[in-house]
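Engineer: Below are the structure tokens for one structure; questions will follow.
The values are calculated or read from the model by the stated rules, or taken from the named source; none is laboratory data. Keep in mind that this is a model prediction, so the values were computed, not measured. Because the Cβ atoms are built from the backbone with ideal geometry, glycine has one as well, and the counts that use them run over all protein chains shown. Keep in mind that these areas ignore ligands, DNA and RNA; they rest on the heavy atoms of the full protein, side chains included. Shrake-Rupley method; radii C 1.70, N 1.55, O 1.52, S 1.80 Å.
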Amino acid sequence: MDILGTAMPALAQASAMIFQPAVLGYLVLGVVMGLCIGVFPGLGGIAGLSLLLPFMFGMDPVLGLALMIGMVAVVPTSDTFASVLMGIPGSSASQATVLDGFPLAKKGEAARALSAAFASSLFGGLVGAAFLTIFILVARPVVLEFRTPELLMITLFGLSMVGILAGQVAIKGIVAAGLGLMVGTIGEGDSAGALRMATYDMPYLTDGLKLVIVGLGIFAIPEIVALLRQDRAISERSMLGGGWLHGVRDWFSNIWLSVRCSLIGVTVGVIPGLGGSVVDWIAYGHTVQTSKDKSKFGKGDIRGVIGPESSNNAKEGGGLVPTLLFGIPGSGSMAVFIGAVALLGSGQIEVGPSMLKNNLDVTYAIVWLLALANVVGTIICIGGSGVIARLTTIPFALLAPFLFMIISFAAFQSGQNLMDLVALFAIGLLGILMRRFDWSRPAFLIGFVLSNPAETYTNQAVQIAASRFRKGFSEGIDYIFSPIVIILIIITVVSVVVGLKQSKNIRAEGDIPNGTKRAPLIFLLAVLGYLVFAFTNASIIPDYASADRVFPQFVGLVAIVGCVILLFQMRFRPESDPLFCDGEVGNADGNQQGLWQTLAWFAGLLLLTSLVGFILALSAFLVAFIRFRAGRNWVYAIGYAACGIAFMCGMAWLLNRDFPPGLLQSVVKLPWPLT
């Protein structure tokens, strides 16, 4: 009764909070943005949320949450377009949908496949929201008992799952997470303020890298470059055919399959780091195993669409469980979500036990917004399917400069420094190489996000435990090994053992073929070189600031050992081993443009910005790109550039933002927006 007495007022306050015109308007805006981003394969919720990050600071918490939840909830719905219409997974969570969705589209039944997918996604999203509501109600009293050791153990559990379940080669996942943790330690230490991988002669790095830059660089840039190199439209067809009601009837006739797969999605979503990379395959495997007639699977069986689509939307509700309750991201998009929530209302709310204690109404507002976003997203998907399908037929060479323009603007707003663009380019190159060699980018991002809380909890736990041990050995042991900590240790060990077995069936970046030993080996040596340098840099921190060197030293040592093991494995294993995945081998025929040739365009924009400022550089970049790379005439190129500059100036004016200046602005006084 005490639980209900606390929860019911919070639920009522949450309802009053979100059922306001402004909140609903922001929710719809977020849904529309999520639909647009989800259409482009590979971008997904991580890139979308990263774009929103610079604009979250100081925003009203409820409005900001509505915008973000609207976006992240609907991406698993809209990414179905790419999966069905052209046979390319819109995200890692829609890989299995391709197996039967694309054959249905080739039969002229795209509308049937899409409507069945939308109905399944809506149902799965509502199941996820309902589960989240009940789980918060039941788990809140337990979560409020968590202290520093328990939070540290939860963080370690999340990191262990991310590393183990990051791909076929478990050690690569562990090293990727360790690399993210090490990059997250750049800047001033949390305890004594010692500098790590930074100096005051280079002040940009003293505050560390911003989440928006890491999120966009590690996910958005690689996908944009990959699509641009193919030099074609996302889809060759926009005709959907008929059968919208037929698809809904298919879903209803397989309602119990949808229920089971939704529960699978929720369960998988709760496990940090597992999420989208395997949930659709688990659901698809369950669908096939429980079907009497298996002959049509892979050839256009509607059940092969209903199962995965039910699970991948339900996982968002499950993924919010560790995110909201413990501050541990359940997926890459939840990692960015944590960073965005910290910016809302100038830092008034924070995910984790403190949110359940102090902002229970906000917590339930997130749940209700998740449910509403799924309903709104499904309605818009069905109503706007024709328009959205035509969007996929636009040549990507016309979309890429617009997307890169938005990404560059968002990255610059994170720190108002030209070095933001340099960091974006550098992290983007790392993301491209990780994608190429099948290194888990979600593991890297989650490691980056958890770096600060993991170090903070570690330092606090060590300090408090030391004071307890001075009072008595038993008091110190009781503090470290509480019943909750012991349970979490057991869960972590069991999860790692099971995860090691399951990781053999997972690939971090999809089905990537093997190449030669040379390129993957060079990339591994580069990663090892950075880790050794970072470890050495942490080791020279003086004794009076020793607390700031312990965490990077420990993480760096673990990651270095992982790299050494990988080196030995590469030495003795054949090139057919998953260690030697190389995306360039599989895409050699599909890529019309070279990697460095494509990156040269964006490097040119960066160089020109440093000389003449962002707006003048962007004008020249857009005209040249559209004229020579996209092959349009001068009139089209100039008109495109004018529209792009007008859009950028409009955004900057509304948000009261500036643009990156160059050397020219330090010599000549220019009017806004050229300043």
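Engineer: Using only the alpha carbons of the stretch 391-467, what is the convex hull's orientation-averaged projected area in square nanometres?
Structural biologist: About 8.3 nm², averaged over all directions.
Engineer: Straight-line reach from Lys669: which aspartates and glutamates have Cα under 17 Å away, leaving out those fewer than 8 places along the same chain?
Structural biologist: Once the sequence-local aspartates and glutamates are set aside, what remains near Lys669 is Asp658.
Engineer: Using θ = phi - 60° and the Karplus form 6.51 cos²θ - 1.76 cosθ + 1.60, what ³J(HN,Hα) does each residue of the stretch 355-370 get, whole Hz, x for Gly and Pro?
Structural biologist: 5, 5, 7, 9, 9, 4, 5, 5, 4, 6, 4, 4, 5, 5, 5, 4
Engineer: OK, next. Accessible area of Leu429, 1.4 Å probe, to the nearest 10 Å²?
Structural biologist: Leu429 exposes around 50 Å² with every protein chain in place.
Engineer: List every residue whose amide H lies under 5 Å from the amide H of Leu195, counting only residues 5 or more places away in sequence or on a different chain, with H placed 1.01 Å from N in the peptide plane.
Structural biologist: Hits under the 5 Å cutoff: Gly189.
Engineer: Mind putting a number on the dipole of the stretch 399-473 about its Cα centre? Charges go on the C-beta only, +1 for Lys and Arg and -1 for Asp and Glu, and I need it in Debye to the nearest 20.
Structural biologist: Result for the stretch 399-473 is approximately 400 debye, rounded to the nearest 20.
Engineer: What are the ³J(HN,Hα) values, in whole Hz, obtained from phi via the Karplus relation 6.51 cos²θ - 1.76 cosθ + 1.60 with θ = phi - 60°, for each residue of the stretch 426-442 in sequence order, with x given for Gly and Pro?
Structural biologist: 5, 5, x, 5, 4, x, 4, 6, 5, 5, 5, 9, 6, 9, 5, 6, x
Engineer: Here's another thing I want to ask about it. Once you've got the Cα coordinates, tell me which of Lys210/Lys315; Lys107/Lys299; Lys172/Lys517 are over 19 Å apart. All intermediate terms of the calculation are to be shown ahead of the outcome.
Structural biologist: Numbers: Lys210/Lys315 27 Å; Lys107/Lys299 10 Å; Lys172/Lys517 15 Å.
Over 19 Å Cα-Cα: Lys210/Lys315.
Engineer: Something else now. Heavy atoms of the protein only, probe of 1.4 Å, neighbouring chains included. What is the accessible area of Val493 in Å², nearest 10?
Structural biologist: About 80 Å², rounded to the nearest 10.
Engineer: Quick one: which residues, 5+ away or cross-chain, put their amide H under 5 Å from the amide H of Asn514? H built at 1.01 Å from N.
Structural biologist: Hits under the 5 Å cutoff: Asp582.
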